[in-house]
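To keep things clear, I will list the structure first and then write my remarks on it.
The values are calculated or read from the model by the stated rules, or taken from the named source; none is laboratory data. The structure displayed is predicted, hence computed values, not measured ones. A quick note on method: Cβ atoms are made from the backbone with ideal geometry, for glycine too, and the neighbour counts reach across all protein chains shown. Each accessible area value is taken on the protein alone, full model and side chains, heavy atoms only, with ligands, DNA and RNA left out. Shrake-Rupley method; radii C 1.70, N 1.55, O 1.52, S 1.80 Å.
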Amino acid sequence: MGEGNRMNKKLKINSFPRIHSSLIGMNNDGYRINGGIGFSISNPCLKISFEISANVEILDRREKPLNSEETKKLKDVINNTIKKCGFPNQIKCEIESGAPAHCGLGTTTAISLSCIEALFILNDREYSCQNIIEYSQRGGTSGIGINTYFTGGYIFDVGIKNDGRNLMPSSQSGTGGNRPLVIKQCELPNWEIGICIPCHIKNKTELEEIDFFRTKCPIERCDVENILYESLYGVTSSIIEKDYDVFCSSINAIQKTRWKSLERNIYGGEIIELERKIKEFGADCVGMSSLGPLLYFMGDNMSQIINRLQSSDCNLLCYETTFNNKERFIDYD
């Protein structure tokens, strides 16, 4: 890839959020572990500015920013990269806007990737996508966010070879030199999609995500097979064939699979009640992204659904957006 010989002192990276429909291989008695399906959407775009600095600085201007421990971890990742690569320049990172941390849109992965990419550019160093992924220490559990950052579109990956490691979230897994194997990467149809972030439902921290994986994994192989069927015969095929009805049916079915049910149940009945309301207002399908609490949905009259949602509850942050097929955008000052 490489962005050498620019010698810029400032730049901006705008990246697009991703929806993670489901993890798949959350068992430990098969050929592979992890893997999943997901896709890129256009909004809310994550906008980050970077400049050369005397020390590594992270300023998160979002209403719900990274906490102090997560900020420290990100700084450690950046400092480790500086040390390993022998970079002369450090960076200041200012997260100007974007979705809240840990709501289900993959912002932590996108921030990590952006920071490492900016570090290479501001040090005038050639790089590849794989370099950025490895140094970011993301993508060990799912290949969705690390791939959509560079390409947009739809991703179906089958995780990594089962080598006996523990099933853990990406924040803890790292890549370990093994990048999830992408089986299908393709453009998305020109479909509208709605996003609903329930601000009154507390999102899960990184530590809570770790605890969830520790206590809920592994699931039975037959449960994995059910997820795999919907992921491949349902969602993936419907994306390729632009079959809206099958896509909606499969997204609804995924919510009833074992792994997604476990994820949804951590919020008690609140997610189920919100899903019921969204369908009542006209949605054809509703899914929870990652560990939530964000819900995504499809319907014929998206503006009407969102207007009714926002009128019914002031604690709901909603976006009317589209599927996205574009990679992150780098603006050089």
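Once the stretch 203-213 is narrowed to residues that are charged (D, E, K, R) and in contact (Cβ under 8 Å) with a residue 12 or more places away in the chain, the residue that is surrounded by the fewest Cβ atoms within 10 Å (Cβ to Cβ) is Glu206. Would you please name the residue that is most open to solvent (accessible area, probe 1.4 Å), looking only at residues in the stretch 130-164 that are farther than 22 Å from Phe120 by Cα, touching a Lys or Arg at 6+ places or on another chain (Cβ under 9 Å) and β-branched (Val, Ile, Thr)? Once the filter is applied, the top-ranked residue is Val158. Taking the criterion of being over 16 Å from Thr109 (Cβ atoms) and either open to solvent by less than 50 Å² (accessible area, probe 1.4 Å) or in contact with a helix residue (DSSP H, G or I) (Cβ under 8 Å, 6 or more places away or on another chain) (or both), the residues of the stretch 66-84 that qualify are Glu69, Asn80, Ile82, Lys84. Across the stretch 264-298, the qualifying residues are those that are without any contact (Cβ under 8 Å) to a residue 40 or more places away in the chain and closer than 18 Å to Ile210 by Cα, and the one among them that is most open to solvent (accessible area, probe 1.4 Å) is Asn265. When the stretch 311-333 is filtered for residues that are over 25 Å from Ala283 (Cβ atoms) and either at pLDDT below 95 or touching a strand residue (DSSP E or B) at 6+ places or on another chain (Cβ under 7 Å) (or both), the ones remaining, listed by number, are Arg328, Phe329, Ile330, Asp331, Tyr332, Asp333. Restricting Cys217, Cys196 to those that are at pLDDT below 95 and on the phi < 0 side of the Ramachandran plot reduces the list to Cys217.
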